[in-house]
Amino acid sequence: MSLQTIARRYASALADVVVARHEETEVGQEINGWAELIDDNSHLGEVFSNPTVPYDQKRGLLEELIRRTRVRETTASFLRVLLLNQRLANLKQIAERLGQVLDDRHGVVSANVTTARPLSENLQAALLETMSTVAGRTVQLSFATDQAIIGGVVTRIGSTIFDGSVQGQLERLAADLVNH
């Protein structure tokens with residue numbers, strides 16, 4: 001089974017629980033914090049992923065960390081399930097997928113916008129409005145700059161890319177010239 005499939009299953013199950021308990025924001029933040037903790041501390045990640053470390057030692061470490069971080073019971077229970085199923089080392093991917101699942105359930109879609117130069121706040125707001133209309137959903141935009149695109153805008157919503165960059169136009173023109 002692929003890591004993406006595993007992450008989707010755990011994230012969907014946790015999303016069901018946190019939506020029912022109205023804990024989406026709090027548990028989401030705690031899970032992200034734990035994912036960073038494990039990802040940033042290579043020793044910790046190694047202990048949780050190493051099959052030679054006895055389960056009781058892993059459980060003791062997890063319980064101590066839960067006690068120190070004072071997370072909600074929903075988060076603590078989820079972390080225990082991951083440990084029991086030897087998936088705690090995959091928490092980063094699960095946390096990322098959880099954010100996507102919760103956004104999807106709330107009708108929010110994420111989009112990445114790349115421009116050659118930073119956009120003004122007015123242009124960002126106008127682009128947000130346009131993208132929300134095109135997507136038919138609430139859009140959450142993140143902005144990046146890349147001088148290589150020369151000018152224009154490249155927008156990615158999920159797996160769909162809208163390439164309105166000068167670089168993209170030049171590449172399409174070159175391809176057309178080669179094919180004719």
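For this structure, a couple of remarks:
- Residue, surrounded by the fewest Cβ atoms within 10 Å (Cβ to Cβ), within the stretch 123-180, restricted to residues that are within 18 Å of GLY107 (Cα to Cα) and touching a Gly at 6+ places or on another chain (Cβ under 8 Å): THR138
- Here GLU129 passes the criteria (1) of a type in the set (Asp, Glu); (2) more than 30 Å from ILE31 (Cα to Cα); (3) touching a strand residue (DSSP E or B) at 6+ places or on another chain (Cβ under 7 Å) except the one numbered (3).
- Output for the stretch 56-75, where each listed residue is charged (D, E, K, R), free of Cβ contacts under 8 Å to residues at least 24 places away in the same chain and closer than 28 Å to ALA20 by Cα: GLU63, GLU64, ARG67, ARG68, ARG70, GLU73
- Between LEU79, LEU37, LEU44, LEU83, the distinction of being modelled with pLDDT of 95 or more, farther than 15 Å from LEU98 by Cβ and of a type outside the set (Gly, Ala, Ser) belongs to LEU83 only.
- Residue satisfying condition, being within 20 Å of ARG9 (Cα to Cα) and modelled with pLDDT under 85, within set GLY168, GLY136, GLY158: GLY158
The values are calculated or read from the model by the stated rules, or taken from the named source; none is laboratory data. Note that the coordinates shown come from a computational prediction; the quantities given were computed from them, not determined experimentally. Note: ideal-geometry Cβ built from the backbone for every residue, glycine included; neighbour counts use all protein chains shown.
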